[in-house]
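A.B. asks: Just dropping this structure here.
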Amino acid sequence: MKFPLIKVLKNGILVELDYIHPQDHEVVRALLNLVIVEGKTYPQKQPLSPTEFSTYWLSKDAFVVRPSVVDPTHKPKEILGAFYLKPNFPGRCSHICNAGFIVQPELRGQGLGRFMGEAMLSIAAHLGYEAVMFNLVFETNIPSITLWQSLGFEIIGRIPGAVKLENEQVVDALILYHTLG
């Protein structure tokens, strides 16, 4: 696969997706911590330290989306979204991968998640994974569920009462699965 991957979003921004670089780590960690504090999509309760972030996000392959260098309306180093891709299980089951996604709050609904999702499916297949499994999609995360189903994911399970939201509301989590190839 040749990187960067280029796309024009719904809002007209020209973006590129590429492997994360060391200088991106802190920006991506800050964005992930913002999403964690929102408390609506990730299971962590507290922001991650640099070491925790590295263990969680950087253990295998990680990618960022930034404005394309040819788009003069944005700073080239700005991170618009990011995702990781790693085996969901070890050893004999490592052909099934897992991924996690984050998008800058002001860019949600602009097609960035779809671009990253489509790219992830292609990259995962290219890296030799045979399926993608999301273990813990909060049932209240309707935009994410809608996106993944539109990309061919099936809901294969439900974990009752898996999530305790900030307001003490307890909700189920869904397990989503997509076979590659």
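The values are calculated or read from the model by the stated rules, or taken from the named source; none is laboratory data. Everything quoted here is computed from the prediction, not taken from an experiment. Here the Cβ is made from the backbone with ideal geometry for all residues, glycine too, and neighbour counts use every protein chain on show.
A.B. asks: Given the criteria in contact (Cβ under 8 Å) with a residue 12 or more places away in the chain, loosely packed, with under 13 Cβ neighbours inside 10 Å and among the small types (Gly, Ala, Ser), does Gly161 qualify?
C.D. replies: no
A.B. asks: Can you tell me which residue within the stretch 137-147, out of those that are touching a residue at least 12 places away in the same chain (Cβ under 8 Å) and among the β-branched types (Val, Ile, Thr), is surrounded by the fewest Cβ atoms within 10 Å (Cβ to Cβ)?
C.D. replies: Here the answer is Thr140.
A.B. asks: OK, next. Among (1) touching a residue at least 24 places away in the same chain (Cβ under 8 Å); (2) surrounded by fewer than 18 Cβ atoms within 10 Å (Cβ to Cβ), where does Met120 come up short?
C.D. replies: That leaves (2) as the condition not met.
A.B. asks: Quickly run through the stretch 136-181 and pick out the residues that are under 21 Å from Gln46 (Cα atoms) and under 15 Å from the mean Cα position of the chain (by Cα).
C.D. replies: Across the stretch 136-181, the qualifying residues are Leu136, Val137, Phe138, Asn141.
A.B. asks: Check whether at least one residue in the stretch 33-40 is among the hydrophobic types (A, V, I, L, M, F, W, C), part of a loop (DSSP other than H, G, I, E, B) and in contact with a helix residue (DSSP H, G or I) (Cβ under 8 Å, 6 or more places away or on another chain), and report yes or no. Lay out the reasoning, then the answer.
C.D. replies: Going through the stretch 33-40, the residues among the hydrophobic types (A, V, I, L, M, F, W, C) turn out to be 34-37.
Next cut, part of a loop (DSSP other than H, G, I, E, B) only: none.
Looking for residues that are among the hydrophobic types (A, V, I, L, M, F, W, C), part of a loop (DSSP other than H, G, I, E, B) and in contact with a helix residue (DSSP H, G or I) (Cβ under 8 Å, 6 or more places away or on another chain), one finds none in the stretch 33-40, hence no.
A.B. asks: Follow-up. Here's a check for you: in the stretch 76-110, which residue that is buried (at least 20 other Cβ atoms within 10 Å of the Cβ) and touching a residue at least 60 places away in the same chain (Cβ under 8 Å) is nearest to Leu9 (Cα to Cα)?
C.D. replies: The selected residue is Leu80.
A.B. asks: If you don't mind, another one. Check off (1) under 17 Å from Ser94 (Cα atoms); (2) exposed (fewer than 15 other Cβ atoms within 10 Å of the Cβ); (3) of a type outside the set (A, V, I, L, M, F, W, C) for Ser150 and give me the number that stays unchecked.
C.D. replies: Going through (1) under 17 Å from Ser94 (Cα atoms); (2) exposed (fewer than 15 other Cβ atoms within 10 Å of the Cβ); (3) of a type outside the set (A, V, I, L, M, F, W, C) one by one, Ser150 breaks only (1).
A.B. asks: Separate question: Any idea which of Leu9, Leu5, Leu32, Leu58 is surrounded by 12 or more Cβ atoms within 10 Å (Cβ to Cβ), under 15 Å from Gln104 (Cβ atoms) and at pLDDT 95 or above? Break it down stepwise before answering.
C.D. replies: Values: Leu9 fails: at pLDDT 95 or above; Leu5 fails: under 15 Å from Gln104 (Cβ atoms); Leu58 fails: under 15 Å from Gln104 (Cβ atoms).
Testing whether each residue is surrounded by 12 or more Cβ atoms within 10 Å (Cβ to Cβ), under 15 Å from Gln104 (Cβ atoms) and at pLDDT 95 or above leaves just Leu32.
A.B. asks: Hey, does the stretch 157-165 have a residue that's more than 27 Å from Pro22 (Cα to Cα), aliphatic (A, V, I, L, M) and assigned to a loop (DSSP other than H, G, I, E, B)?
C.D. replies: Yes, that holds for at least one residue.
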